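As structure tokens, the structure follows; a few thoughts come after it.
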Amino acid sequence: MNNIENKRLSRPEWLKVKAPGGDGFAAVRGIVKGNNLHTVCEEAHCPNISECWSRGTATFIILGDICSRRCRFCAIQKGKPAEPDFSEPLRIAESIAKMKLRHSVITSVTRDDLSDGGAEIWANTILETRKLNPNTTIEVLIPDFEGKTELYQKVFKCKPDILNHNIETVQRLYSTVRPQANYQNSLKLLKDAKEFGLKTKTGLMVGIGESKEEIIDCFRDLREIKVDIVTIGQYLQPTEKHLPVERFVHPDEFTEYRRIGREMGFEHIESAPLVRSSYHAEEAV
């Protein structure tokens, strides 16, 4: 792994996107700002923000915008989070209603500072969203709750339509990329969700130092626990303080991962340079 201070690689043409704008983008931004909400689209510097917001879709973040962990790939702010806002679930539900979404995606920062990891607000958000939006499918992208089964089971019991938890990278790189997380904990959470009866989803980054063989080994681990949906995208370094990009993966290699994943039996796989966890999420449903 190169030093973080190393010079950034120049982005190839296939990773260049247009600046955000347009009426649809402005409408979504107005709803988000007007309800004092946060989105992963903004906080994580998502390259697809223009496309998704122009289509009227967004991924909401609950439990604030400051994460208690310090993963070395993620652009979301790190530090001491604020106290949880128990009115947030209703505001999320109301915003989804205003946007008239057929499919909603909700995620959160990791809140290891809370005794329940934020499980109560997670549950309330799903329940409020379903109450106000009975015809909207709900996808949740949850943290690992430090591997505490009793906490993430509270989310399972609210029966989201899709339970997403990102594995993020291959096992060998966890200590570098996600030093406060555990590969086996993430696999167990996904396995438990499947056994609970939920449709499961996960996502990986590439170009951060892994090999093709390690990605395929990770696929095997995910198929063993019957994960349904996988997303694969290019890691992009958010700032100079984050891990550097080791290589820009060519679109042909993403096509190969999609082919391999389908042959291995994943129900749906999104694999392309700009793919992120919630990219085209409604199509996977």
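Can R262 be described as over 17 Å from the mean Cα position of the chain (by Cα) and touching a residue at least 24 places away in the same chain (Cβ under 8 Å)?
Spelling it out, it is not the case that R262 is over 17 Å from the mean Cα position of the chain (by Cα) and touching a residue at least 24 places away in the same chain (Cβ under 8 Å).
Picking from E94, E43, E13, which residue would you name as being modelled with pLDDT of 85 or more and of a type outside the set (A, V, I, L, M)?
Unique residue meeting the criteria: E94.
Among the residues in the stretch 208-215, are any among the small types (G, A, S) and farther than 19 Å from V105 by Cα?
For the stretch 208-215, residues among the small types (G, A, S) and farther than 19 Å from V105 by Cα: present.
Assess whether F219 counts as being surrounded by fewer than 16 Cβ atoms within 10 Å (Cβ to Cβ), of a type in the set (F, W, Y) and touching a helix residue (DSSP H, G or I) at 6+ places or on another chain (Cβ under 6 Å).
No; evaluated as a whole, the condition is false for this residue.
Which count do you get for residues in the stretch 78-95 that are in a loop (DSSP other than H, G, I, E, B) and hydroxyl-bearing (S, T, Y)?
1
Just for the stretch 55-77: of the residues that are surrounded by fewer than 18 Cβ atoms within 10 Å (Cβ to Cβ) and not in a loop (DSSP other than H, G, I, E, B), which one is modelled with the lowest pLDDT?
Only one residue fits best here, namely Q77.
Which ones in the stretch 182-216 are closer than 16 Å to K148 by Cα and surrounded by 22 or more Cβ atoms within 10 Å (Cβ to Cβ)?
Scanning the stretch 182-216 gives S186, L189, L190, A193.
Looking at A82, A97, A93, A75, can you tell me which residue is in contact (Cβ under 8 Å) with a residue 12 or more places away in the chain and closer than 22 Å to N166 by Cβ?
A75
Just to verify a result, which residue in the stretch 270-285, among those that are aliphatic (A, V, I, L, M) and surrounded by fewer than 21 Cβ atoms within 10 Å (Cβ to Cβ), is modelled with the lowest pLDDT?
V285
Only one of E146, E168 is over 21 Å from A97 (Cβ atoms) and surrounded by fewer than 16 Cβ atoms within 10 Å (Cβ to Cβ); which?
Numbers: E168 fails: surrounded by fewer than 16 Cβ atoms within 10 Å (Cβ to Cβ).
It is E146.
Go through K194, K241 for me and flag whichever is of a type outside the set (S, T, Y), farther than 15 Å from N166 by Cβ and free of Cβ contacts under 8 Å to residues at least 40 places away in the same chain. If you could, list the steps in order and put the result at the bottom.
Values: K241 fails: free of Cβ contacts under 8 Å to residues at least 40 places away in the same chain.
K194 is the lone residue from the list that is of a type outside the set (S, T, Y), farther than 15 Å from N166 by Cβ and free of Cβ contacts under 8 Å to residues at least 40 places away in the same chain.
When K98 is evaluated against the numbered criteria (1) assigned to a loop (DSSP other than H, G, I, E, B); (2) of a type in the set (D, E, K, R); (3) in contact with a helix residue (DSSP H, G or I) (Cβ under 8 Å, 6 or more places away or on another chain), which criterion, by number, is the only one it fails?
(1)
Would you tally the residues in the stretch 243-260 being over 15 Å from E210 (Cβ atoms) and surrounded by 17 or more Cβ atoms within 10 Å (Cβ to Cβ)?
Total meeting the criteria: 1.
Residues to consider are T129, T125; find the one that is of a type in the set (S, T, Y), in contact with a Ser or Thr (Cβ under 8 Å, 6 or more places away or on another chain), assigned to a helix (DSSP H, G or I) and surrounded by 16 or more Cβ atoms within 10 Å (Cβ to Cβ).
Values: T125 fails: in contact with a Ser or Thr (Cβ under 8 Å, 6 or more places away or on another chain).
None of the others qualify; the one that does is T129.
When only residues in the stretch 132-143 that are in a strand (DSSP E or B) and not aliphatic (A, V, I, L, M) count, which is surrounded by the most Cβ atoms within 10 Å (Cβ to Cβ)?
At the first step, the residues of the stretch 132-143 found to be in a strand (DSSP E or B) are 137-141.
If we keep only those that are not aliphatic (A, V, I, L, M) as well, we get 137, 139.
On the way: T137: 17, E139: 24.
Checked the stretch 132-143; the qualifying residue surrounded by the most Cβ atoms within 10 Å (Cβ to Cβ) is E139.
So which helices (runs of 4 or more DSSP H) are wholly in the stretch 172-285 and hold at least 3 residues that are in contact with a Leu (Cβ under 9 Å, 6 or more places away or on another chain) and of a type in the set (A, V, I, L, M, F, W, C)?
The helices (runs of 4 or more DSSP H) meeting that bar are 183-196, 212-224.
Only one of R111, R29 is outside any loop (DSSP other than H, G, I, E, B), at pLDDT 60 or above and farther than 23 Å from Y235 by Cα. Can you tell me which?
Going through R111, R29 in turn, the sole match is R29.
Does G207 satisfy the criteria of being within 30 Å of C158 (Cβ to Cβ) and within 21 Å of the chain's Cα centre (by Cα)?
no
Might you let me know whether the stretch 132-146 holds any residue that is acidic (D, E), more than 16 Å from I92 (Cβ to Cβ) and at pLDDT 95 or above?
Yes: the stretch 132-146 contains one or more residues that are acidic (D, E), more than 16 Å from I92 (Cβ to Cβ) and at pLDDT 95 or above.
The values are calculated or read from the model by the stated rules, or taken from the named source; none is laboratory data. Model, not experiment: these values are computed from the prediction. A quick note on method: Cβ atoms are made from the backbone with ideal geometry, for glycine too, and the neighbour counts reach across all protein chains shown.
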